[in-house]
Amino acid sequence: MKSDVGNLALTKDALVPLLRQMLLIRRVEERLSADFHAGKLPGAVHLYIGQEAVAAGVCAHLRDSDTITSTHRGHGHFLAKGGSPRAMMAEIWGKKTGICRGMGGSMHVADVSKGILGANGIVAAGLAITAGSAFAAMLDKGDRVAVSFFGDGAANQGTFMETLNVATLWKLPMIFVCENNRFSEFSPAATVTSGEIIDRARAFKIPCASVDGNDVLAIWRATGIAVEHARKGDGPSFIEAHTYRLHGHLEAEKSFLKSTYRESAEIEEWRQRDPVQRFKNHLCGERICDDGEIEALEAEIADIVEDAAKFAEASEPADPELVFEIMFHEQRA
Amino acid sequence: MAKKRYIQAINDALMEEMERDPKIILFGEDVEISMFGDTQGLHARFGADRIRNTPICEATLTGMAVGAAASGYRVVLHLMFSNFIYTGFDAIANQMAKLRFMTGGQVCLPITILAGYGGGRSAAAQHSDTPYPALMNLGGVNVVVPASPADAKGLLKTVLRADNPTFFLEAGGRGAETGDVPEHDYTIPLGKVSVLREGRDVTIVAIGTMVKHAAAAAAELKGKGIDAELIDVRTLVPLDEDGILASVRKTGRLVVADEARDRCSAASHIAAVVAEKAFTALKAAPKRVTVPNVAMPYAPGAEKNVLPNSAKIAEAAAALVNEKSGARS
């Protein structure tokens, strides 16, 4: 892929928000993890910790009118696309003030007003929804784009090939962002996936980029090219971001798994490549930020997290009567 | 009034509504050439943006319908044969039927899915299913099963103007049947049965493809001195329980004619609703005339054997009427 966007130097004004976004996702999820283990959250929680660079780097290029779909590990995409930490936290707590009024929960956070068509509990479901949204964008004749975040596990679903086919055929303004975090739930990718995922996309002769998913700037550059390509009406692109899921498939897993599915040495090795710490080091090393600025940022984020958690905890439970009212539009279930 | 074929009435509704609302788009396999005739001429009239052939990939098409609808379009997805609903079922059951709910009501999904259903033409088991029971159980989708050209047009117009995912199931093999269709613009509300014949002795509720057989059965019963009330259910979700219950309270007897397989059929649901809500009005247990719990055979004789028909419906109704009164006690 060749474009000016890829060569643009990021100014401090653009770099700091990337770190801020990654930190927000990290600290919100650390709080969710703690609250889950304290028994405060009703459902399963799948954390994005370790993959923050992908959501932050991609969503930095998107507008509210652009749409995204996400996965069961969707908190990071929700926040990076502009979703409210309070409304997300309240949703995960099952509260009336939640972004989905307590009907969706952790795996299904969505804010349609921000173009977030939803995290999704069905692996690969977002791909086809994104293709439909990209088709709508094409019919609108504007320059809106649609991004699908999905994992390496989703690449083994039939709809992966189907949406690549239709998006290429119709030149849809769609960006495929495969977050290869090396696990399909509890199965290491190598045990369930043959070959390289990106080679499947290359067969469609669309622009494809394989990037270090723990390097927010690499993600940012690759996405810039892909988004520009789509906005110009030149069709879909594919990005495979190689990253690593530092937490388990879900927070509760140690309570029911009888054995382990990965070595702690492997986790430790990837911890050394933690995208958040790495980007902090980069900004300090390049003298773009100093320690004081980073501490101030951390303090600001800590306040947001504390406020969101308090808001969630203090909110009223979801309204049980709502279930009959929202199945249909203007029709009671 | 004008005489119209069933498929022509559907085509007219699509043509008129697409003319009226530029946000309606229609896609699916071979919709440009139109296998059934229901999308005939739309491509020439509205062009490739709004009428578009797709690859054969139902699992993706159903998801795309959700995405396009969530992004502001009113989507008509043609799935051709109703068995292909199964290949697209994830996005139907997990997305289309649930996304409005799961987002706390943030999205409306104005999606109409067209598909032909039913047997009788030696299409064999993979092209002959009557799948609405599975759809009824999803909760979040409406199910419309028109039997006449006039109802097909009026109901489809309602569906295309509404904001909910709806299956508009076309009675297989009935496309050429004609009926009077009003010439003015009209709609028919969902959730209202149509009483096709009033009667005192037994209520026959017929669904979609079964309406014609049930009408023949009612005529046959009249010759035997049995006065049947014939109800065309028209929509299964929402279901006009009041309309059905009012009739059963009058006649005291219920036969439901349904081309679905017996187990968990629409007939089973309707019989259960009546048993629960009008038990004391019943003079006999409700009867279901359905397809046995087998796949649809290819061979014409074997297929005919499993399909409900007017004789089976009339026989069931006559048996109910002839049961000694008080048999239930």
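The values are calculated or read from the model by the stated rules, or taken from the named source; none is laboratory data. All of these numbers come straight from a predicted model, not from anything done at the bench. Every residue, glycine among them, receives a Cβ derived from its backbone with ideal geometry; neighbour counts consider all protein chains shown.
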Residue that is nearest to the other protein chains (Cβ to nearest Cβ) [pool: residues in segment A:65-108 that are closer than 17 Å to A:Val305 by Cα and of a type in the set (A, V, I, L, M)]: A:Ile99
Can you give me the number of residues within segment A:281-300 that are surrounded by fewer than 12 Cβ atoms within 10 Å (Cβ to Cβ) and either within 14 Å of chain B (Cβ to nearest Cβ) or touching a residue at least 24 places away in the same chain (Cβ under 8 Å) (or both)? 0
Determine whether segment B:220-230 contains at least one residue that is touching a residue at least 60 places away in the same chain (Cβ under 8 Å) and crowded, with 24+ Cβ neighbours inside 10 Å. yes
Among the residues of segment B:232-243, is there at least one that is surrounded by 20 or more Cβ atoms within 10 Å (Cβ to Cβ), more than 20 Å from the chain's Cα centre (by Cα) and within 26 Å of B:Asn137 (Cβ to Cβ)? no
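Within segment B:107-128, restricting attention to residues that are facing chain A (nearest Cβ under 9 Å) and touching a Gly at 6+ places or on another chain (Cβ under 9 Å), which residue is surrounded by the fewest Cβ atoms within 10 Å (Cβ to Cβ)?
B:Val107
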Screening B:Val202, B:Val237, B:Val255 for residues that are over 22 Å from B:Asn309 (Cβ atoms), hydrophobic (A, V, I, L, M, F, W, C) and in contact (Cβ under 8 Å) with a residue 60 or more places away in the chain leaves only B:Val237
Residues of segment B:129-174 satisfying the condition of being over 14 Å from the mean Cα position of the chain (by Cα), buried (at least 22 other Cβ atoms within 10 Å of the Cβ) and not aliphatic (A, V, I, L, M): B:Gly140, B:Asn164, B:Pro165
Can you find, within segment A:116-149, the residue that is nearest to the other protein chains (Cβ to nearest Cβ) among those that are part of a loop (DSSP other than H, G, I, E, B) and surrounded by fewer than 24 Cβ atoms within 10 Å (Cβ to Cβ)? A:Ile122
Test A:Ser113 against the criterion of being of a type in the set (Ser, Thr, Tyr), assigned to a helix (DSSP H, G or I) and at the interface with chain B (Cβ under 7 Å from one of its Cβ atoms), and give yes or no. no
Taking segment A:301-318 and the residues there that are part of a loop (DSSP other than H, G, I, E, B) and surrounded by 13 or more Cβ atoms within 10 Å (Cβ to Cβ), the one that is nearest to the other protein chains (Cβ to nearest Cβ) would be A:Ala318
Name the one entry in B:Asn94, B:Asn83 that is of a type outside the set (Val, Ile, Thr) and facing chain A (nearest Cβ under 10 Å). B:Asn94
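Kindly establish whether B:Ala257 is within 19 Å of the chain's Cα centre (by Cα), surrounded by 20 or more Cβ atoms within 10 Å (Cβ to Cβ) and not hydroxyl-bearing (Ser, Thr, Tyr).
For B:Ala257, the condition - within 19 Å of the chain's Cα centre (by Cα), surrounded by 20 or more Cβ atoms within 10 Å (Cβ to Cβ) and not hydroxyl-bearing (Ser, Thr, Tyr) - is met.
Kindly state which strands (runs of 3 or more DSSP E) lie completely within segment B:217-296 and contain at least 3 residues that are in the same structural domain as B:Ala318 (by TED's automatic domain parsing), within 13 Å of B:Ile204 (Cα to Cα) and in contact with a strand residue (DSSP E or B) (Cβ under 9 Å, 6 or more places away or on another chain).
In segment B:217-296, B:228-232, B:254-261, B:287-291 are the strands (runs of 3 or more DSSP E) which contain 3 or more residues that are in the same structural domain as B:Ala318 (by TED's automatic domain parsing), within 13 Å of B:Ile204 (Cα to Cα) and in contact with a strand residue (DSSP E or B) (Cβ under 9 Å, 6 or more places away or on another chain).
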On the given criteria, is B:Asp21 charged (D, E, K, R) and buried (at least 20 other Cβ atoms within 10 Å of the Cβ)? no
When the residues of segment A:158-214 are narrowed to those that are aliphatic (A, V, I, L, M) and under 22 Å from B:Asp90 (Cα atoms), which ends up surrounded by the most Cβ atoms within 10 Å (Cβ to Cβ)? A:Met174
